[in-house]
Amino acid sequence: MKRWNESRESASGSGDINLTPLIDVSLTLVVILLLASPLTFESAFAVRRAAASAREAIDDNDQARIEVTILSADSLRVNRAVVPQDGLGRELAPLLERSPDGVVAVTCRDTVQHGTFVAVLDAIKLCGARDIAVAGR
């Protein structure tokens with residue numbers, strides 16, 4: 001009988017909940033949150049500043065970007081203005097003078113012949129473009 005009583009006493013004694021690990025984990029989480037909260041505020045301010053400067057860079061890029069689209073054998077689009085192929089030099093020269101890098105992006109419709117494409121590339125180079133970027137589909 002003694003054994004039966006001992007096992008019963010030991011079973012009732014182990015029913016207590018140990019709160020020490022729970023308190024340790026809770027305090028650790030509080031410390032981590034206290035250390036991490038200033039970092040979230042700092043990064044939020046940096047992102048706002050970066051977003052504003054990115055908007056300015058996009059605006060500058062839009063003004064400096066020169067895009068030429070070959071619509072057909074005799075018509076082109078230079079920065080949203082449709083011009084004949086003969087007027088490419090008059091339209092492109094002032095834009096290249098204002099452009100800081102002299103890059104011209106060229107796109108072409110599928111119906112345009114290869115010879116027309118090459119002639120437009122030559123005309124762009126003769127106008128003073130330093131680099132020509134050909135954008136494909």
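Below is a table of values for the structure above.
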read-out	value
Among the residues listed as R90, R109, the single one being surrounded by 11 or more Cβ atoms within 10 Å (Cβ to Cβ) and touching a Ser or Thr at 6+ places or on another chain (Cβ under 9 Å)	R109
Enumeration of residues in the stretch 85-137 that are outside any helix (DSSP H, G or I) and of a type in the set (A, V, I, L, M)	V103, V104, A105, V106, V112, A129, I132, A133, V134, A135
Breaking point among (1) at pLDDT 90 or above; (2) outside the structural domain of D122 (by TED's automatic domain parsing), for V82	(2)
Check on L76, farther than 30 Å from V134 by Cβ and at pLDDT 85 or above	no
Qualifying residue in the stretch 19-36 (condition: at pLDDT below 90, polar (S, T, N, Q) and at negative phi)	no
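The values are calculated or read from the model by the stated rules, or taken from the named source; none is laboratory data. Here the structure is a predicted model, which means the values were calculated and not measured. Glycine also receives a Cβ, built like all others from the backbone with ideal geometry; neighbour counts cover every protein chain displayed.
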